[in-house]
Structures are given as C-alpha cells and as structure tokens.
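**Q** Before I ask anything, let me first share the structure, which is written out below as structure tokens.
The values are calculated or read from the model by the stated rules, or taken from the named source; none is laboratory data. Quantities reported herein were computed from a predicted structural model and do not represent experimental measurements. Using ideal geometry, Cβ is built from the backbone for each residue, glycine included, and neighbour counts are taken over all protein chains shown.
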Amino acid sequence: MMEPTSNALIAAAKDLNLRERAIALASSMGIPNAQYAVDSHLPMLVAAPVNNDGTSLASVFEYAQAEYEKKKDALIEPGKDMARVTDEHIRYALKSVLLDDAVIQE
C-alpha cells in the first residue's frame with residue numbers, strides 16, 4: 001500500500017462532489033447529523049482505508065483524478081476540432097451569410 005501524498009489528501013478533502021457523496025451515503029447509513037459528521041471528519045475520512053489492503057480514499061481519488069486529467073487532455077475544444085467543425089463548414093456558413101447579396105447591401 002502506498003501512502004497518499006499530502007496533495008492527494010488535500011485535493012480529496014476539498015472535492016465537493018466527494019463530500020456530497022459522503023454526506024448522502026452517511027445519511028443512507030443512518031449516521032446522525034450526516035452533513036456535520038462528514039464535514040467535521042473529512043480529513044480523517046479521506047485518509048481512511050477503503051479496503052483490506054489499506055488503500056485510502058485519497059489514494060483512489062488521486063488515481064481517479066489522474067485518469068480524469070488524461071481524458072481531459074485528450075479532448076479537443078469544439079471550435080478547434082477540425083475533424084468535426086471543418087474549414088469547409090465554416091466557409092459554407094460564411095458564404096451563405098456574408099457573401100449573400102442581401103447581407104452585403106445592408
């Protein structure tokens with residue numbers, strides 16, 4: 001088991017989605033004052049093990065964050081995606097709007 005880095009612990013504790021999920025699950029488990037319980041114990045929760053080998057919540061969060069970054073880096077913004085919004089698409093739209101006689105006369 002690898003100990004999570006301090007950055008992983010901080011990132012996991014600051015993640016609002018992870019916090020909301022923990023509150024929802026704590027509520028469903030009958031933990032009294034679930035929101036307060038989660039909020040007041042969040043640093044310990046993210047350092048807590050998630051299985052028998054001792055892997056922490058922060059460690060699995062760190063892995064998920066790394067996978068997310070890989071996927072995000074592979075994405076192309078729609079306006080830059082020349083495979084889907086081609087130059088020909090833009091030229092056609094330009095011709096139909098800006099080279100139309102009615103538009104030029106205005």
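**Q** Looking at region 31-54, which of the residues that are more than 24 Å from the chain's Cα centre (by Cα) and closer than 20 Å to ALA66 by Cβ is modelled with the highest pLDDT?
**A** ASP53
**Q** Which one is farthest from VAL50 (Cα to Cα) among residues in region 9-30 that are over 15 Å from the mean Cα position of the chain (by Cα) and surrounded by 15 or more Cβ atoms within 10 Å (Cβ to Cβ)?
**A** If we take residues in region 9-30 being over 15 Å from the mean Cα position of the chain (by Cα) and surrounded by 15 or more Cβ atoms within 10 Å (Cβ to Cβ), then SER27 is farthest from VAL50 (Cα to Cα).
**Q** Moving on. How many residues does region 21-48 contain that are touching a strand residue (DSSP E or B) at 6+ places or on another chain (Cβ under 8 Å), small (Gly, Ala, Ser) and not in a loop (DSSP other than H, G, I, E, B)?
**A** Number satisfying all stated conditions: 1.
**Q** Then there is this: Is it true that some residue in region 62-85 is part of a helix (DSSP H, G or I), at pLDDT below 95 and in contact with a Lys or Arg (Cβ under 9 Å, 6 or more places away or on another chain)?
**A** yes
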